[in-house]
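First the structure, in the form of structure tokens, and then the observations on it.
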């Protein structure tokens, strides 16, 4: 639920950040109605309610912290989700830190939470109080959240409140400060006006409703997509924000698609380059990275595989060394960590069913983002052919569901567990269903095994036992159902793909599901009642109720990464002082950076543990490998016992990174194949407010060996069995204990 809510919330904020709310009513002073005292049409002036159902947000004149009014958030629906009440601040500010405070009162919020929200766009940061939950019934309390402020990169600031789950929340007296100063004293950054933003001709779509898919048209469209992406990221006037490249594509599409010859097509494209303007070449040479640090370079092989004219190729070569601004690009930027931020790409949030032109824009935008900014592009051997493959698929994807499924298949091609497709209008969720049986299944030793009840009472009443083997769904062999979903399911490896399929395998829109099981070697078919998925336990990585530290056995410490925090470091150090072994369970998602600090304190000395790669900000498409990084320092009080790390298919991203770190200080890795997706995540929005994600940095061992797709390979391979699950055993934990006790 936490991940889903965060993803959906991203869309709400993005939609709100598209323009100033209540644009017909100017912001008259620097207080911006943060106390909700100015009311218009039943709401607070300048604020906007999230487009979610089942919730009411209203002005309350009875219960308030100060003044005449507060805002009341109330759940009144059948199915819980969340609602938000947000404002896009009308100005940007110079400074280093932005803080939002406000008073919150709650009544019977359970399950769920109330909170403040602060977001900096484009996707620079979000704080929605997940580390400080307000729930239950509480009186007025002041809460405060903050984010580092990058004044050069921030394009919009969104503030407000959120209610998730059931209950009622009141919000009042918001205040924003920049470096501790109120907004009235903060320095406003003058607005930047780019010519691209004045081009609004196609703000509602391209209007293209018919296009053929014959080989000539597809080839023309393939070349157009390749050329368009190259110009978007390399032409100085594109990177300067002089052209709306989405709208320029819509102008080119009809004529290029219908070009009767390569020469006609190339002349159209050459004329477009001429329209963009001449470029000056950097005679001194662009400050490229040292050749010994280049992992792979910008792919220009397509220049010579499409029958392009020499005139066009000469224009391309000049662009490669053109004078482009090194500190700014209108369509992309980079975080301080080095992963890409895509900026100023129109999301077309109001378009539910994009036309052919908009669908091709989505394809071109994604394909080129991977071609120029994906640090693992070298692992995708067929990426050059994917564009041509998906052009007819996108042209024919004439419903929202077909569009989303086509994008899911496209995204799955990069084989990245970080990759995915999500949206506020999510037809795929409707397609799979919002109901499910009260139990979960996982793929274990080539079988789909019932591993846990999502509601103990309903699970037992279903007649399905833990450890039963699923064979059929609705009369179809489970293998056939799984096979139909493999191509549209993202995953770096088979373990991650099957994990992800398992989360939705039993979803349906029907009140019951006909399932076939083997139980105690006997096959039986059962009609199992289904329930709203949000009324059951979440199928996820982490058990938030599990203690951060305890003992697996006397003398063997146990850390649960999913709940471990900085405050647990000293108690753990004291608790394992005389322990012969320590087990670190990373079959979950780590809770912050506390565990990494703990790992450093366990080490005897400084050790090299990883290397990073990133895309060269000066030359998109080029990946640079950095030097090996170290953790720890000389430590008299290092831990001398055996350390074992537990991993499985749920060990992903930060968990894999921590497993690498523990291995570097001498830990033994026990378990099964991990998810194979390390490094932080970059986001890319596609038309129809669809969010896609991918691994934004390359993560490698100090010797340069690969972790992406491979995962963290266990020293001792051990996976659960159906028999062990039925008996309630944790066989991986037992194997770790055995190793600590015996050394083998």
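Please specify each residue of the range 689-705 satisfying the condition of being in contact with a helix residue (DSSP H, G or I) (Cβ under 8 Å, 6 or more places away or on another chain) and either under 25 Å from residue 445 (Cα atoms) or crowded, with 24+ Cβ neighbours inside 10 Å (or both).
690, 692, 694
Select the helices (runs of 4 or more DSSP H) contained entirely in the range 358-434, then report the ones holding at least 1 residues which are buried (at least 24 other Cβ atoms within 10 Å of the Cβ), in contact (Cβ under 8 Å) with a residue 12 or more places away in the chain and in the same structural domain as residue 232 (by the TED database). Steps first, answer last, please.
Numbers: elements: 383-396, 400-412, 427-432.
Those helices (runs of 4 or more DSSP H) span 383-396, 400-412.
Which one of these is part of a strand (DSSP E or B), touching a strand residue (DSSP E or B) at 6+ places or on another chain (Cβ under 7 Å), modelled with pLDDT of 95 or more and in the same structural domain as residue 629 (by the TED database): 737, 725, 699?
Numbers: 737 fails: part of a strand (DSSP E or B); 725 fails: part of a strand (DSSP E or B).
Exactly one of 737, 725, 699 is part of a strand (DSSP E or B), touching a strand residue (DSSP E or B) at 6+ places or on another chain (Cβ under 7 Å), modelled with pLDDT of 95 or more and in the same structural domain as residue 629 (by the TED database), namely 699.
As an exercise: evaluate residue 130 against (1) closer than 19 Å to residue 48 by Cβ; (2) touching a helix residue (DSSP H, G or I) at 6+ places or on another chain (Cβ under 8 Å); (3) surrounded by fewer than 19 Cβ atoms within 10 Å (Cβ to Cβ) and give the number of the one condition it does not meet.
Among (1) closer than 19 Å to residue 48 by Cβ; (2) touching a helix residue (DSSP H, G or I) at 6+ places or on another chain (Cβ under 8 Å); (3) surrounded by fewer than 19 Cβ atoms within 10 Å (Cβ to Cβ), the lone unmet condition for residue 130 is (1).
Looking at the range 89-99, can you tell me whether even one residue there is in contact (Cβ under 8 Å) with a residue 24 or more places away in the chain and within 14 Å of residue 161 (Cβ to Cβ)?
Residues of the range 89-99 in contact (Cβ under 8 Å) with a residue 24 or more places away in the chain: 89-99.
With the extra rule that they be within 14 Å of residue 161 (Cβ to Cβ), the set shrinks to none.
Checking the range 89-99: not a single residue is in contact (Cβ under 8 Å) with a residue 24 or more places away in the chain and within 14 Å of residue 161 (Cβ to Cβ).
State which residue is nearest to residue 356 (Cα to Cα) when the search covers only the range 671-683 and only residues that are surrounded by 24 or more Cβ atoms within 10 Å (Cβ to Cβ) and touching a strand residue (DSSP E or B) at 6+ places or on another chain (Cβ under 6 Å).
First, pick out the residues of the range 671-683 that are surrounded by 24 or more Cβ atoms within 10 Å (Cβ to Cβ): 671, 674-679, 682.
Subset that is touching a strand residue (DSSP E or B) at 6+ places or on another chain (Cβ under 6 Å): 671, 674, 677-679, 682.
Working: 671: 47, 674: 39, 677: 33, 678: 35, 679: 34, 682: 26 Å.
That would be 682.
Take the residues in the range 300-312 that are assigned to a loop (DSSP other than H, G, I, E, B) and farther than 22 Å from residue 280 by Cα; name whichever of them is modelled with the lowest pLDDT.
Residues of the range 300-312 that are assigned to a loop (DSSP other than H, G, I, E, B), as a first pass: 300, 305-309.
Of the ones still in play, those that are also farther than 22 Å from residue 280 by Cα are 305-308.
Details: 305: 84, 306: 74, 307: 85, 308: 93.
Checking each candidate, the answer is 306.
Given the conditions (1) surrounded by 19 or more Cβ atoms within 10 Å (Cβ to Cβ); (2) under 23 Å from residue 737 (Cβ atoms); (3) over 22 Å from the mean Cα position of the chain (by Cα); (4) modelled with pLDDT of 95 or more, report the number of the one that residue 598 does not fulfil.
Of the numbered conditions (1) surrounded by 19 or more Cβ atoms within 10 Å (Cβ to Cβ); (2) under 23 Å from residue 737 (Cβ atoms); (3) over 22 Å from the mean Cα position of the chain (by Cα); (4) modelled with pLDDT of 95 or more, the odd one out for residue 598 is (4).
Does the range 584-604 include one or more residues that are more than 19 Å from residue 339 (Cβ to Cβ), assigned by the TED database to the domain that holds residue 696 and assigned to a strand (DSSP E or B)?
Yes: one or more hits.
Scan the range 534-550 residue by residue and report those that are touching a helix residue (DSSP H, G or I) at 6+ places or on another chain (Cβ under 8 Å) and outside any loop (DSSP other than H, G, I, E, B).
549
Scan the range 207-217 and tell me whether some residue there is within 28 Å of residue 353 (Cβ to Cβ) and under 28 Å from the mean Cα position of the chain (by Cα).
Here is the first cut: in the range 207-217, the residues within 28 Å of residue 353 (Cβ to Cβ) are 207-217.
With under 28 Å from the mean Cα position of the chain (by Cα) added as a condition, the list becomes none.
No, that holds for no residue.
I'm trying to understand the selection: among the residues of the range 486-533, which are touching a helix residue (DSSP H, G or I) at 6+ places or on another chain (Cβ under 9 Å), surrounded by fewer than 16 Cβ atoms within 10 Å (Cβ to Cβ) and in a helix (DSSP H, G or I)?
Across the range 486-533, the qualifying residue is only 486.
Scanning for something in contact with a strand residue (DSSP E or B) (Cβ under 8 Å, 6 or more places away or on another chain), surrounded by fewer than 22 Cβ atoms within 10 Å (Cβ to Cβ) and outside any loop (DSSP other than H, G, I, E, B), does the range 644-651 turn up at least one residue?
no
Looking at the range 468-484, which of its residues are assigned to a strand (DSSP E or B) and in contact with a strand residue (DSSP E or B) (Cβ under 8 Å, 6 or more places away or on another chain)?
Matches in the range 468-484: 469, 470, 471, 472, 473, 477.
Looking at the range 102-135, which of its residues are closer than 22 Å to residue 563 by Cα and part of a loop (DSSP other than H, G, I, E, B)?
Of all residues in the range 102-135, those closer than 22 Å to residue 563 by Cα come to 110-115, 126-135.
Passing the criteria: 128, 129, 130, 131, 132, 133.
Is there a residue being touching a helix residue (DSSP H, G or I) at 6+ places or on another chain (Cβ under 9 Å), outside the structural domain of residue 683 (by the TED database) and over 30 Å from residue 328 (Cα atoms) anywhere in the range 108-119?
Taking the range 108-119 first, the residues touching a helix residue (DSSP H, G or I) at 6+ places or on another chain (Cβ under 9 Å) are 117, 119.
Retained after the next criterion (residues that are outside the structural domain of residue 683 (by the TED database)): 117, 119.
Then drop every residue that is not over 30 Å from residue 328 (Cα atoms), which leaves none.
No; the residues of the range 108-119 include none that is touching a helix residue (DSSP H, G or I) at 6+ places or on another chain (Cβ under 9 Å), outside the structural domain of residue 683 (by the TED database) and over 30 Å from residue 328 (Cα atoms).
When you look at residue 666, is it surrounded by fewer than 22 Cβ atoms within 10 Å (Cβ to Cβ), assigned to a loop (DSSP other than H, G, I, E, B), outside the structural domain of residue 380 (by the TED database) and modelled with pLDDT of 95 or more, yes or no?
Details: surrounded by fewer than 22 Cβ atoms within 10 Å (Cβ to Cβ): yes; assigned to a loop (DSSP other than H, G, I, E, B): yes; outside the structural domain of residue 380 (by the TED database): yes; modelled with pLDDT of 95 or more: yes.
Yes, satisfied.
Does residue 465 satisfy the criteria of being closer than 30 Å to residue 719 by Cβ, in contact with a strand residue (DSSP E or B) (Cβ under 7 Å, 6 or more places away or on another chain), in a loop (DSSP other than H, G, I, E, B) and assigned by the TED database to the domain that holds residue 505?
Working: closer than 30 Å to residue 719 by Cβ: yes; in contact with a strand residue (DSSP E or B) (Cβ under 7 Å, 6 or more places away or on another chain): yes; in a loop (DSSP other than H, G, I, E, B): yes; assigned by the TED database to the domain that holds residue 505: yes.
Spelling it out, residue 465 is indeed closer than 30 Å to residue 719 by Cβ, in contact with a strand residue (DSSP E or B) (Cβ under 7 Å, 6 or more places away or on another chain), in a loop (DSSP other than H, G, I, E, B) and assigned by the TED database to the domain that holds residue 505.
Let me spell it out: the conditions are (1) surrounded by 21 or more Cβ atoms within 10 Å (Cβ to Cβ); (2) closer than 30 Å to residue 121 by Cα, and residue 661 meets all of them except one. Which number is the exception?
Only one criterion is unmet by residue 661, namely (2).
Restricting attention to the range 313-335, which residues are without any contact (Cβ under 8 Å) to a residue 60 or more places away in the chain and either over 16 Å from residue 239 (Cα atoms) or outside any loop (DSSP other than H, G, I, E, B) (or both)?
Result: 313, 314, 315, 317, 318.
The values are calculated or read from the model by the stated rules, or taken from the named source; none is laboratory data. Quick caveat, the model's predicted, so the values are computed rather than measured. Every residue, glycine as well, gets a Cβ built from its backbone with ideal geometry; the counts of neighbours run over all protein chains shown.
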